[in-house]
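The values are calculated or read from the model by the stated rules, or taken from the named source; none is laboratory data. Since the model is a prediction, treat every value here as computed from it, not as a measurement. Here Cβ is always computed from backbone atoms with ideal geometry, including for glycine, and neighbour counts include all displayed protein chains.
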Amino acid sequence: MTHFPNLFSEGRIGNLVIPNRIVMPPMATNLANEDGSVSQRLIDYYAARARGGVGLIIVENVQVDYPQGKNVACQLRLDNDKYMAGFFELAEAVHSYGTKIFMQIHHAGAQTTPGITEGLQPVSPSGVPCSFLGIQPRELSIDEIEEIIQKFVNTAVRVKGAMFDGIELHGAHGYLIGQFMSPRTNRRVDKYGGNLEGRMRFPLEIIRRIKEAVGDDYPICFRFSADEFIEGGITLEEGKQIAKMLEEAGVHVLHVSAGVYDSMPTLLEPSRFEQGWRVYLAEEIKKVVSIPVITVGVIREPEFAEKIIAEGRADFVAIGRGLIADPEWPKKAREGRSSEIRKCISCNIGCIGGRVFPNLRLRCTVNPVAGREGVYGEIKQSPVKKKVVVVGGGPAGMQAANTAAKRGHQVILYEKKQNLGGQLEIASAAPGKAKIKWFRDWLEAELLRAGVEIRSGVTADAETIASLSPDYVILAAGSKPVTPKIKGLEKENNFVVQAWDVLAGKVSVEKNEEVVVVGGGLVGCEAAHYLAEKGAKVIVVEMLSDIAMDMEPISRFDMLQQFAKLGITIRTSNIVSEITPEGVVIVGKGGKMGFIRSKKVVLAVGQTPVGNELKKALEEKGIPVRVIGDAYNVGKIIDAVSTGFQVACQV
Ligand code: SF4
């Protein structure tokens with residue numbers, strides 16, 4: 001029986017046959033070498049997705065104009081023939097699994113910084129700055145525009161020479177091509193600006209000249225934002241006209257995306273966005289063209305993807321972060337094992353926002369192998385089978401138990417609560433974060449599949465553990481909230497609570513009840529958001545100069561927009577010096593004091609590891625112990641999962 005018959009039917013782009021309808025869209029990884037050449041780690045990363053059964057991979061953006069057009073630290077480049085050999089090896093590796101491969105070619109334009117472009121001022125059609133980055137670009141001259149067009153052509157020729165099956169032009173997300181297309185960023189009055197025809201001259205000229213150079217049949221995909229979701233930008237109505245012009249120019253497939261940096265949450269959605277929320281854009285574009293259309297954006301489940309194809313809303317579905325999270329997404333779907341797919345939770349912490357933008361290599365919160373497939377791609381069986389006890393059923397402990405069991409060890413997992421999940425349970429209760437529960441559920445199901453013995457509702461002390469004669473103990477006991485030394489907190493009271501208790505649903509508020517949250521880190525902000533959604537009037541007091549500095553930037557950008565809508569007040573550079581039943585005393589810069597009325601005070605000033613006593617007691621009994629996750633160093637879910645995985649690989 002064929003599972004998902006539409007999703008796994010052949011597709012066609014021009015004369016090229018694609019084995020199924022699943023596309024991996026381009027996503028920056030920083031996995032290339034520092035000089036922009038293809039690295040083995042990049043080949044391993046894409047080969048793993050090809051092995052997982054995706055029909056077409058569109059490789060992340062390659063720069064046509066180094067360093068002016070660069071937008072991430074370790075971005076691929078193909079502005080010189082000497083880089084072609086690496087691209088050929090990449091194409092060869094992907095082809096070996098029957099997967100087709102395109103290369104996205106790109107110029108960042110205004111959406112970059114001099115730190116990335118090696119000191120060059122970013123360029124743009126009209127010098128309109130990107131407020132997300134806050135950098136003033138300079139306007140391109142006509143001669144420069146024509147030089148850049150030629151650079152796109154030269155790169156396309158090299159892509160074809162490196163045996164890729166096609167190219168994608170990056171006209172989406174507010175990069176240079178998109179800047180020319182958008183009325184918001186193109187204010188030129190010469191032939192490259194003005195009405196839509198003028199604004200489209202730059203992309204259409206690139207397409208025309210590429211076709212002249214590589215042949216009419218060589219597949220060209222054009223990615224564009226059918227709605228930029230920003231005032232003055234491209235709207236869906238104009239997006240439809242653009243689609244028709246692109247079809248007329250001979251483009252073979254349209255990749256319908258959305259947003260620009262200034263509307264960032266619509267292009268790299270944080271967790272709160274619903275599955276497939278922007279499929280309607282592709283559907284509307286499909287109505288006005290006859291070439292195939294790719295849809296993209298928070299498509300997480302094969303059942304959902306199948307329906308899109310079956311209903312004719314799009315011809316291909318792009319699974320982006322979903323394939324970072326689980327390279328075997330297509331294979332599991334095809335084999336009827338979709339419940340085993342480890343779904344992306346849209347946190348952005350391991351990939352673009354949290355790692356690639358800050359110049360680090362790609363990782364993934366839920367997939368500890370992502371970006372290091374060459375090192376950890378295949379979990380190696382342990383030559384010696386051991387009895388491993390894991391203490392703590394949060395993300396670190398669950399991941400460690402899973403990995404240790406897959407390596408062939410006998411694993412017993414203790415969790416003092418009835419339910420597994422630890423911090424995942426708390427984190428998934430924050431507004432818009434329900435997807436985190438997907439990961440908790442997946443980890444639990446994997447524990448059962450891997451044969452881990454789960455002893456929940458049991459507190460494991462040193463004697464209990466020693467009685468099992470384990471070869472190794474992995475201690476993942478987690479952390480607990482810190483209670484700060486603030487005047488007024490010496491005695492128990494009923495108006496001060498911990499943020500964790502808020503997120504656990506143990507605290508109720510009345511409409512317009514005044515609440516002060518002490519601490520504007522991630523947990524404090526989530527508690528503030530939670531209470532404001534319940535109708536409270538919330539003020540966050542933070543000692544640093546800004547809030548949520550520990551948050552991934554895209555989610556932070558989105559959260560601050562939500563805070564503004566909910567009327568949450570933020571008081572930065574202030575400390576709380578006293579808490580009373582009527583409110584809190586704050587001290588700001590220069591010792592300036594103030595008083596904020598509140599009926600409740602929520603503490604969110606950090607966490608501290610637990611479990612040190614147990615470690616000591618086990619070591620005294622001669623049992624080897626490794627401490628992981630928050631119990632070792634308080635961090636994010638990604639840190640807990642990564643250390644849980646790595647330590648279990650070493651046992
Ligand atoms: Fe998805 Fe988060 Fe992994 Fe990125 S890091 S792929 S958003 S789960």
Practice task
Scan the stretch 210-237 residue by residue and report those that are in contact with a Ser or Thr (Cβ under 8 Å, 6 or more places away or on another chain) and either buried (at least 22 other Cβ atoms within 10 Å of the Cβ) or among the polar types (S, T, N, Q) (or both).
Solution key: 223, 224, 225, 226, 227, 228, 234
Completion exercise
Checked pairs for the stretch 214-236, first at positive phi, second of a type in the set (Gly, Ala, Ser), C-beta under 6 Å and 6 or more apart or across chains, list as 229/259; 229/263
Completion exercise
residue 552: passes all of (1) at pLDDT below 95; (2) within 28 Å of residue 494 (Cβ to Cβ); (3) crowded, with 21+ Cβ neighbours inside 10 Å but (2)
Handout entry: The lone exception for residue 448 - which of (1) more than 22 Å from residue 645 (Cβ to Cβ); (2) without any contact (Cβ under 8 Å) to a residue 24 or more places away in the chain it fails
Key = (1)
Completion exercise
Note: among 306, 301, just one is in contact (Cβ under 8 Å) with a residue 12 or more places away in the chain, more than 8 Å from the ligand (Cβ to nearest atom) and farther than 23 Å from residue 268 by Cβ, namely 306
Completion exercise
Residues of the stretch 216-262 being farther than 25 Å from residue 72 by Cα and among the acidic types (Asp, Glu), in sequence order, are 216, 217, 231, 237, 238, 247, 248
Completion exercise
If you go through 591, 567, the only one that is under 30 Å from residue 269 (Cβ atoms) and exposed (fewer than 13 other Cβ atoms within 10 Å of the Cβ) is 567
Exercise for the section: Kindly check whether there is at least one residue in the stretch 81-93 that is of a type in the set (D, E, K, R), buried (at least 21 other Cβ atoms within 10 Å of the Cβ) and not in a loop (DSSP other than H, G, I, E, B). Expected result: no
Problem - Residues (over 30 Å from the mean Cα position of the chain (by Cα), more than 30 Å from residue 464 (Cβ to Cβ) and in a loop (DSSP other than H, G, I, E, B)) located in the stretch 492-508 - result: 492, 493, 494, 495, 507, 508
Practice task
Keeping to the stretch 265-309, report how many residues are surrounded by 21 or more Cβ atoms within 10 Å (Cβ to Cβ), within 16 Å of residue 11 (Cα to Cα) and among the small types (Gly, Ala, Ser).
Solution key: 1
Completion exercise
Residue pairs within 6 Å by beta carbon, gap of at least six or interchain, first lying in the stretch 139-168 and touching a residue at least 40 places away in the same chain (Cβ under 8 Å) and in the same structural domain as residue 70 (by TED's automatic domain parsing), second among the aromatic types (Phe, Trp, Tyr) and assigned to a helix (DSSP H, G or I), listed first then second, are 162/87; 162/88; 163/88
Practice task
Go through the stretch 509-583 and tell me which strands (runs of 3 or more DSSP E), entirely inside it, have 1 or more residues that are hydroxyl-bearing (Ser, Thr, Tyr).
Solution key: 569-571, 575-580
Completion exercise
Of the residues in the stretch 317-340, those that are of a type outside the set (D, E, K, R), over 29 Å from residue 117 (Cβ atoms) and more than 12 Å from the ligand (Cβ to nearest atom) number 6
Exercise for the section: Please verify whether the stretch 327-340 includes one or more residues that are closer than 23 Å to residue 172 by Cα and not assigned by TED's automatic domain parsing to the domain that holds residue 445. Expected result: no
